[in-house]
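The values are calculated or read from the model by the stated rules, or taken from the named source; none is laboratory data. Since the model is a prediction, treat every value here as computed from it, not as a measurement. Because the Cβ atoms are built from the backbone with ideal geometry, glycine has one as well, and the counts that use them run over all protein chains shown. Ligands, DNA and RNA are stripped out before the accessible areas are found, and what is left, the full protein with its side chains, is counted by its heavy atoms. Shrake-Rupley method; radii C 1.70, N 1.55, O 1.52, S 1.80 Å.
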Amino acid sequence: MEIRHLVTFMTIVEIGSYTAAASKLGYTQSTITAHIQSLEQEIGGELFTYVKRKLQLTHTGRELIPLAEDLLATHEQIKNMRGANEFGGVLKVAAPESLTISRLSPIIREFTLKYPHVRLILSNGTCGQNQIDLMTGRADVAFMVYPEFKPEKCYHYPLLEEKIVLVGSNNSLYHFDQYKRNQTNHFFITNEEGCSYRSMFEKYLLKRDLYNFQIMELWSIEAIKKIVMSGIGFSVLPYITVKEEIERGELKIIHHNEKFDQIYSHMLIKRKKWLSPAVKAFVELVLNSTNETDKGVQNKIVELTN
């Protein structure tokens, strides 16, 4: 079994196809196939299968992922023994758009200035997708905006409570009761399914038999804010993402008497035997920034390695 075979396997897992993995690694597709066949012979079972022409991991393939990650991490640690305190390589961060535009931007800027030799790759997805990316090795650090929870196999850092608000245009109705009395004339303007605060609010609507709001689903928070400003409906967003527009009078908070679930920002790192200096440095920057943002939040920096 060779390290390059494991690199090939994890690249296919990350990208989702043999062809794309071959292009990224600079191999021919026949070489990629040979690597996987060698691994399968060594392990004694198939790693991938096709379901309706789509490449899928087998049970054996899913079991191999954490073992391959540990072996590759150990290999990386050995390569870096001569410069244990040097920063380089790639740092992959997965975060929801709401945190990227509101809290992470200054952190990322500081990190890239401080560690210019680290290639930072940022992806935006739903909270559920970010967690999947973390557990499958497509991300080193994942962020979520979610109620309290206790993830397994992760270092878990609860960060800040994210206040969720209903917002409308500057000329919108003052109280949500007014919207409830005339549901059909107002759009609920929101982002993609799977978003935690969208799901929370839709559960609230269902509990109160409020089925008739028309839903307008948009691709970004900036687009949602622009449409809400036009006056055709309301949205439910973290306060931090609309703070500036509210202060400028472009949006206003719609008051309500309901108690929504508390939602928090979270940072997750998969438990490994070894974490790179870049991951540790990024975690410290996030925790320091959190403490500076809200002095009432007590963050305890836990041990990053076993």
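Odds and ends about this structure:
- Applying the set (1) touching an Asp or Glu at 6+ places or on another chain (Cβ under 8 Å); (2) open to solvent by less than 70 Å² (accessible area, probe 1.4 Å) to Asn124 leaves exactly one unmet item: (2).
- Among the residues making up segment 121-139, those that are under 11 Å from the mean Cα position of the chain (by Cα) and either at pLDDT 90 or above or assigned to a helix (DSSP H, G or I) (or both) are Leu122, Ser123, Cys127, Gly128, Gln129, Asn130, Gln131, Ile132, Asp133, Leu134.
- Residues in segment 43-58 that are of a type outside the set (A, V, I, L, M) and surrounded by fewer than 11 Cβ atoms within 10 Å (Cβ to Cβ): Gly44, Tyr50, Lys52, Arg53, Lys54.
- Among the residues of segment 205-236, those identified as part of a loop (DSSP other than H, G, I, E, B) and touching a residue at least 40 places away in the same chain (Cβ under 8 Å) are Ser220, Ser230, Gly231, Ile232.
- Selection over segment 137-159 of residues that are touching a helix residue (DSSP H, G or I) at 6+ places or on another chain (Cβ under 8 Å), surrounded by fewer than 21 Cβ atoms within 10 Å (Cβ to Cβ) and of a type in the set (A, V, I, L, M, F, W, C) gives a count of 1.
- Residue match in segment 161-174 (condition: part of a loop (DSSP other than H, G, I, E, B), in contact with a Leu (Cβ under 6 Å, 6 or more places away or on another chain) and buried (at least 19 other Cβ atoms within 10 Å of the Cβ)): no
- When Gln262 is tested against (1) exposed (fewer than 15 other Cβ atoms within 10 Å of the Cβ); (2) modelled with pLDDT under 90; (3) more than 22 Å from the chain's Cα centre (by Cα); (4) not hydrophobic (A, V, I, L, M, F, W, C), exactly one condition is not met: (3).
- Criterion: in contact with a helix residue (DSSP H, G or I) (Cβ under 9 Å, 6 or more places away or on another chain), at pLDDT 90 or above and more than 30 Å from Asn182 (Cα to Cα) - qualifying residue of Ile253, Ile246, Ile301, Ile269: Ile269
- Of all residues making up segment 180-199, the number that are among the basic types (Lys, Arg) and in contact (Cβ under 8 Å) with a residue 24 or more places away in the chain: 2
- When Lys295 is tested against (1) modelled with pLDDT under 90; (2) open to solvent by 10 Å² or more (accessible area, probe 1.4 Å); (3) not in a loop (DSSP other than H, G, I, E, B), only condition (3) is not met.
- Among the residues of segment 237-292, the ones that are in contact with a strand residue (DSSP E or B) (Cβ under 7 Å, 6 or more places away or on another chain), among the polar types (S, T, N, Q) and part of a loop (DSSP other than H, G, I, E, B) come to 1 in all.
- Hey, Glu202 closer than 25 Å to Leu122 by Cα, under 23 Å from the mean Cα position of the chain (by Cα) and without any contact (Cβ under 8 Å) to a residue 24 or more places away in the chain or not: no
- Residue in segment 68-77 that is free of Cβ contacts under 8 Å to residues at least 12 places away in the same chain, open to solvent by 60 Å² or more (accessible area, probe 1.4 Å) and either under 30 Å from Glu244 (Cα atoms) or not in a strand (DSSP E or B) (or both) present: no
- In segment 78-96, of all residues being in a strand (DSSP E or B) and touching an Asp or Glu at 6+ places or on another chain (Cβ under 9 Å), the one that is modelled with the lowest pLDDT corresponds to Val90.
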